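Engineer: What follows is a single structure, and I will ask about it in a moment.
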Amino acid sequence: MILVTGGAGYIGSHMALKLLENNEKVVVFDNFSTGHIETIETLMKEGKDNFEFFEGDLLNLNDLNALFKGRNIEAVIHFAAFSLVEESTKNPAKYYKNNVTGSINLLDAMHKYNVNKIVFSSTAATYGEPEEIPIKETSLQNPVNPYGTSKLTVEKIMDDYDRAYGIKSVRLRYFNVAGADSKCRIGENHNPETHLIPNILKSTFNNKKTFKIFGDNYNTKDGTCVRDYINVEDLINAHLLALKYLLAGGKTDFFNLGTNEGNSVKEIFDLCTKVTNKEIPFEIAQKRAGDPAVLIADNKKAKEILGWNPEKTLYDSIKSAYMWELKQNERNKK
Ligand code: UDP
């Protein structure tokens, strides 16, 4: 059985669904701080007897003991965390408690119950302002906000837990994750939504909230920020490969997950108008604090060592995200 923490959230639920499609037994652990009950209902429907849900909190040791006790957990895939850069600058305690203390509690429970393999959601935010583009795994990790620091701290703790207790980890440093399940069963659903693609797409609906481009005088091709958008299903495939790698006895390691290509906010906006075939109201707004101009992954290492090969295009990501937004919009009308 595979434990997926944070499986009621955006990326964790895509992971759980993929494992279930591969006939794995899955237990999802989630406290619904940002996840959704509807997502768990979908996973129950898809996974049937192979799926189990355990409502609990990483900060509650009784919950963790009850989770691990009596379950044959082979490996853990750990998503449960808060992940908003701006919020982390205003409320660092929330980030250090949940992301760092929560992860320590999870690792301690793994050690106690002899589970020694973990795939961890890390982030490009651990690099901070990049020294080089594309960013390699060997680039300096120097986070510039508490979110990035919380994830980097967990990476370092994982090295120590490997040395001391033999817990092997694969840390996957995500760039910008985009898109939804291609069968439209699950997708991104944050409240409030802060991410670029869902925000542009939401501006196509009736309320026509004006989409804001955060800054147009960056030192980039068109003045707007450049990011590396990786499709969520491609991202999940990398997790499956990482799991396989650990189950085959692989050593602790870390990989960037991105496409090696960058797109500007304006390019994404243009592609969204093409996919939706709608005029989307927009305005240029203030820069958002802490946004680096360009973040692009060098993804060679994951390709070489894990055999990963991202296949989806940006068009695929925006299309699936739009299908999901349409479905949500219909649901909200009822
Ligand atoms: N962005 C924007 N308007 C929005 C949301 C995001 O212009 O409503 C920009 C943001 O400044 C960044 C890029 O889009 O340059 C991606 O932001 P997002 O929040 O999706 O991901 P992040 O890079 O912060 O992880």
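The values are calculated or read from the model by the stated rules, or taken from the named source; none is laboratory data. Not measured: the values here are computed from a predicted model. Cβ sites come from the backbone with ideal geometry, for glycine too, and all protein chains shown count toward neighbours. Just the protein is used for accessible areas: all its heavy atoms, side chains included, with ligands, DNA and RNA removed. Shrake-Rupley method; radii C 1.70, N 1.55, O 1.52, S 1.80 Å.
Engineer: Consider Asn105 against the criteria (1) surrounded by fewer than 18 Cβ atoms within 10 Å (Cβ to Cβ); (2) at pLDDT 95 or above; (3) outside any helix (DSSP H, G or I): it satisfies all of them except one. Which criterion is unmet?
Structural biologist: All conditions pass for Asn105, except number (3).
Engineer: Please go through (1) within 11 Å of the ligand (Cβ to nearest atom); (2) more than 22 Å from Phe120 (Cα to Cα); (3) touching an Asp or Glu at 6+ places or on another chain (Cβ under 9 Å) for Asp222 and return the number of the only condition it doesn't satisfy.
Structural biologist: If we test Asp222 against (1) within 11 Å of the ligand (Cβ to nearest atom); (2) more than 22 Å from Phe120 (Cα to Cα); (3) touching an Asp or Glu at 6+ places or on another chain (Cβ under 9 Å), just (1) comes out false.
Engineer: Now for a separate question. For Trp308, only one of the following conditions fails: (1) in a helix (DSSP H, G or I); (2) away from the ligand (no atom under 13 Å from the Cβ); (3) open to solvent by less than 20 Å² (accessible area, probe 1.4 Å). What is its number?
Structural biologist: Answer for Trp308: the failing condition is (1).
Engineer: Taking the criterion of being open to solvent by 10 Å² or more (accessible area, probe 1.4 Å), under 27 Å from Asn91 (Cα atoms), near the ligand (Cβ under 10 Å from one of its atoms) and not hydrophobic (A, V, I, L, M, F, W, C), would at least one residue in region 151-168 satisfy it?
Structural biologist: No - not one qualifying residue is present in region 151-168.
Engineer: Please go through (1) open to solvent by 30 Å² or more (accessible area, probe 1.4 Å); (2) touching a helix residue (DSSP H, G or I) at 6+ places or on another chain (Cβ under 7 Å) for Asn277 and return the number of the only condition it doesn't satisfy.
Structural biologist: Going through the list (1) open to solvent by 30 Å² or more (accessible area, probe 1.4 Å); (2) touching a helix residue (DSSP H, G or I) at 6+ places or on another chain (Cβ under 7 Å), Asn277 breaks only (2).
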